[in-house]
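Heads up: the structure comes next, in structure tokens.
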Amino acid sequence: MNHLLILPILLPAVVGALLVLAARHDGVLARTFAVASTVLLLAIAVALLVLASDGQVRSYALGAWPAPFGIVLALDRLAALMLVLNAVLGLGVLLYAIGGWDQRGKHFHPLFQFELMGINGAFLTGDFFNLFVFFEILLIASYGLMVHGGGGLRVKAGVQYVVTNLVGSSVFLIAVGMIYNVTGTLNMADLARIVPQVPAADQALLQTGAVLLLLVFAVKAALVPLHFWLPGTYANAPGPVAALFAIMTKVGAYSILRLYVLAFGADAGAAAWLAAPWLLPAGLLTLVLGMTGVLAARSLGQMASYAVIGSMGMLLATVAVFTPQATSAALYYLIHSTLAAGALFLVADLVAERRGAQRDRFAAAPRIAQGGLVGGLFFIAAIAMTGMPPLSGFIGKLLVLDGVRASAHAAWFWALILSTSLIAIVGFARAGSFVFWKAHALPAAPASAYRPDGALAFVAVGGLLACLVLLTVFAGPVHAWLELVAAQLYAPAGYIDAVLGAAQGVR
């Protein structure tokens, strides 16, 4: 049994506890532990990615209890990819935060570590019960991060966020109970084995539970009409926290991909591809609403929030085609959109910290400190987020358009993706005009009015944008590897054998 599989969960859990117990009153020590832990987490994630690249699915039976009775973690190419993405984004956000944001409230670093733990656990777990547990861990940690630094708007948005997710958690339990009542299992691999054998008399209960579970994942992914919590939450969250939240919607997307290909895919009998009729129209509608929101936004944070909604719409509409080609394109776009959204939220915070009372609102304000550098970063982030050439967003959209050509709804995809891209370009151009260009018509504010941020803030933003450049330069090899990810995902026998094989002996 390879103990490396549990380290992405164990490391941030232990470090988070140590930060609470031993470093909560020492800012330097807390930062040192947090950065060291996150760098090590990235190294572990890369090691797991290399390990998973051989195509073998590996399972880890906690306490040596065999599946489907015990707690099982499972590592394949998809899970390893998500671990690396979480670690890269987490490190960038942490470097930005230690420029001063982490000192604006209590317990930032422990909460940050617990958030990473919850996200990694959701990517690695092999059963529903622990998926629910990790959802709750990341929910609790994200609420603490959401209200970090205080403020009435943050508390209000945080309460809405928590209430929405608690309702989602309740529906989660109901859905899992219905599925368990029919199948007698909470293990995902075991569910995939049992679902094709469910008799017709129990199909209604099984499929109702599966649709309710899809509803829960749609809340996490901010699909229309369950997106209402995201704009206020992300726009009012601290900048680095909103940047980290860019991957939280991807947890919902990952859960949909994992469950509805593994257990409700081609071999599921009467329940085959259950999610597709619901997911496709919801995804396309989310794309339209999100990019329209970009045009109507009144601040950079709000605009970035709607851009996240729009990107999730395109991602999940592509996933809903449920073919390896479309899924590999969706995964490339998932990587791009996560990094681009994270960078955009950080740029929005750089602007807000320099514009005084106007913050990041689209209103006239004097020129900001380091305006040329911040404006350049915004320009690159805007190109990435709107999918303009030459960055990875353009390549991602081309891959999506090519990946859905065989779909019966290809015309809708092409029309909506191209038209919403134009809307997004207009929205971002409007934002840049308000924040950067129109400011030159006003006298510059005195230097003392600015609050300069440390160089780490620019290193963090530049690092995330550099990752997008690398994703563009190496688009060919990356997409070729993602095709292997998709091929493994759509051949679930290897996953089932690896997880249930633990019943014959720990691997």
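The values are calculated or read from the model by the stated rules, or taken from the named source; none is laboratory data. These numbers come from a predicted model, not from an experiment. Cβ placement follows ideal geometry from the backbone for every residue including glycine, while neighbour counts extend to all protein chains displayed. The area values use the complete protein model at the heavy-atom level, side chains included, leaving out ligands, DNA and RNA. Shrake-Rupley method; radii C 1.70, N 1.55, O 1.52, S 1.80 Å.
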Of segment 220-235, those with amide N under 11 Å from the point 7 Å along the Cα→Cβ vector of V155 are none
Applied in sequence order to segment 26-36, the curve 6.51 cos²θ - 1.76 cosθ + 1.60 (Karplus, θ = phi - 60°) yields integer Hz couplings, x standing for Gly and Pro, of 10, x, 5, 5, 4, 5, 4, 4, 5, 5, 4
Taking only protein heavy atoms and a 1.4 Å probe, the highest-to-lowest accessible-area order of W481, W437, W412, W101 is W437, W412, W481, W101
Honestly the chain on the Cα gyration tensor test (a ≥ b ≥ c root eigenvalues; a/c under 1.5 rounded, otherwise a/b vs b/c for prolate or oblate) is just prolate
So for segment 279-413, using the alpha carbon gyration tensor with a ≥ b ≥ c as root eigenvalues (a/c under 1.5 gives rounded; past that, a/b versus b/c decides prolate or oblate), I'd call it prolate
If each part is reduced to its alpha-carbon centroid, segment 173-196 and segment 452-495 end up apart, in Å, by 33
Excluding residues fewer than 8 positions from K106 in its own chain, the aspartates and glutamates with Cα under 17 Å of it are D26, E115
So the angle from the long Cα axis of helix 108-124 to the longest Cα principal axis of the chain, reported in degrees to the nearest 10, equals 30
Check: C-alpha center segment 327-378 vs C-alpha center segment 74-109, spacing in Å is 18
So the carbon and sulfur contribution to the accessible area of segment 36-169, 1.4 Å probe, in percent, is 74
